[in-house]
1. Towards the positive end of the charge dipole of the chain, with charges on Cβ (+1 Lys, Arg; -1 Asp, Glu), say which of ALA23, TYR246, ALA42 has the farthest Cα.
2. Suppose R0 equals 22 Å; then what is the FRET efficiency for SER52 and CYS11 from their Cβ-Cβ distance, rounded to the nearest 0.05?
3. What FRET efficiency do you get for GLU250 and HIS173 if R0 is 22 Å and r is their Cβ-Cβ distance, rounded to the nearest 0.05?
4. Taking the simple approach of a point 7 Å from Cα along Cα-to-Cβ for both PHE2 and GLU267, what is their distance in nm?
5. Simple spin-label model, 7 Å along Cα-to-Cβ: SER166 to TYR204 in nm?
6. Just from its helices, what would the mean residue ellipticity at 222 nm be for the chain, if runs of 4 or more DSSP H residues each count -39500 (n - 2.57) and the sum is divided by every residue, rounded to the nearest 500 deg cm²/dmol?
7. Kindly express, to the nearest 10 degrees and within the range 0 to 90, the angle between helix 352-370's C-alpha long axis and the longest C-alpha principal axis of the chain.
8. What value in Å³ per residue do you get for the convex hull of the alpha-carbon atoms in the stretch 152-196?
Amino acid sequence: MFKIFICGPLCERPLLEQVLGRAVSNEEITSAVLPDYQLRCADGANAPILVSSEGEQTSGVLLNATDSDQACLFYYLEATGHLRSTATVVCSEGVSHTVEIYARADTVSSQKEPWQASTWRETWFSLTLRAAEEVMAYHGQKPASEVAGSLIAIHLRAAAWVDQKSRPEDPAHPLSEHIRVHARKRPYMNFFALEEIDFQHRRYDGTWSETMNRASFLVGQAAAILPYDPIRDEVLLVEQFRAATYIAGETNPWMWEPVAGLIDPGETPEQAARREALEEAGIVIEHLDSAGRTYSSSGASGELVYLFVGTGRLENVAGGGGLASEGEDIRRQILSFDALMEGVDKQRYQDMPLVATALWLARHRDRIRATLQ
């Protein structure tokens with residue numbers, strides 16, 4: 001048995017059990033404190049930073065870990081950017097122990113505010129639990145260092161899963177009564193991921209289907225926004241090379257699209273739409289209209305796209321072009337509403353969010369323009 005000091009998010013029993021792959025009894029953990037250290041906030045969904053702070057202390061637990069527990073914890077903590085060291089902790093009986101502790105590298109100023117478990121739990125717990133499920137699925141398959149390189153993408157997928165799980169089920173099709181999952185695999189992971197299941201579903205006649213194998217391409221959630229200037233009656237489109245269409249055999253993989261991008265953890269679809277409009281097109285959106293939310297290809301992909309039409313002044317476009325850090329090479333085009341609809345009618349555009357937002361704008365254009373009279 002090894003004694004390992006755990007603090008911060010891992011003190012949440014469901015998260016610890018997800019990482020260990022087993023239930024943890026009260027007899028296996030003991031309350032303890034780490035003197036002269038304090039947990040401070042970090043950015044995003046990551047674990048907090050443990051920083052030296054004389055006179056402070058951090059509460060946690062001592063875990064009596066087996067060899068298997070230790071291997072699981074090492075893998076998870078390395079994959080999530082933690083470093084190993086030793087320190088002296090004091091357990092609830094007043095006994096001191098020199099044990100292993102894990103903390104993320106101090107990449108933020110110690111002036112960051114103290115980390116609060118209740119605040120973190122409300123905002124990040126569900127996302128972190130889902131992300132841990134994916135991280136640990138690669139244990140024994142991929143090096144922790146490789147998973148660490150994809151941690152941002154894992155958080156994007158986890159945030160999307162949490163949001164989609166938050167919606168009420170269809171009363172006519174409660175999942176627990178209509179789907180049986182027999183096996184689940186994750187055969188591929190990079191910026192995108194592939195999740196595969198063996199399952200049955202209840203047919204409309206009440207019988208069960210045969211066991212089938214299907215997979216879904218996972219990336220997260222996205223926001224797509226068609227910028228529209230109601231004064232000039234013009235829209236702004238962006239064009240960029242899309243490797244996916246090229247791989248599929250498309251002979252013209254440079255696609256005209258609305259502005260679009262993935263929704264970051266903790267960001268609303270509306271915030272993402274405004275951010276992407278500025279990054280890709282250099283336009284400040286004055287007003288957003290929701291044009292719905294749709295799965296981009298429900299037979300193959302789990303990507304949910306929030307669609308918007310955003311009004312702004314296109315003569316004030318400046319900057320944009322995408323982020324070089326994300327490999328984006330984007331050009332833009334301003335064209336009249338009539339030219340846009342001619343392109344839709346003549347099937348020049350192959351991007352579904354563009355066609356969908358263009359058709360929504362056609363239906364609501366008169367109302368939008370009337371508000372300016």
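1. TYR246
2. Working from the Cβ atoms, E equals 0.65.
3. Calculated transfer efficiency: 0.05.
4. Reported label-point gap for PHE2 and GLU267 is 3.7 nm.
5. 3.3
6. After summing the helix terms and dividing by residue count, I get -8500 deg cm²/dmol.
7. 60
8. 77
The values are calculated or read from the model by the stated rules, or taken from the named source; none is laboratory data. Not measured: the values here are computed from a predicted model. Glycine also receives a Cβ, built like all others from the backbone with ideal geometry; neighbour counts cover every protein chain displayed. To get the accessible areas, we keep the full protein, side chains included, count just its heavy atoms, and leave off ligands, DNA and RNA. Shrake-Rupley method; radii C 1.70, N 1.55, O 1.52, S 1.80 Å.
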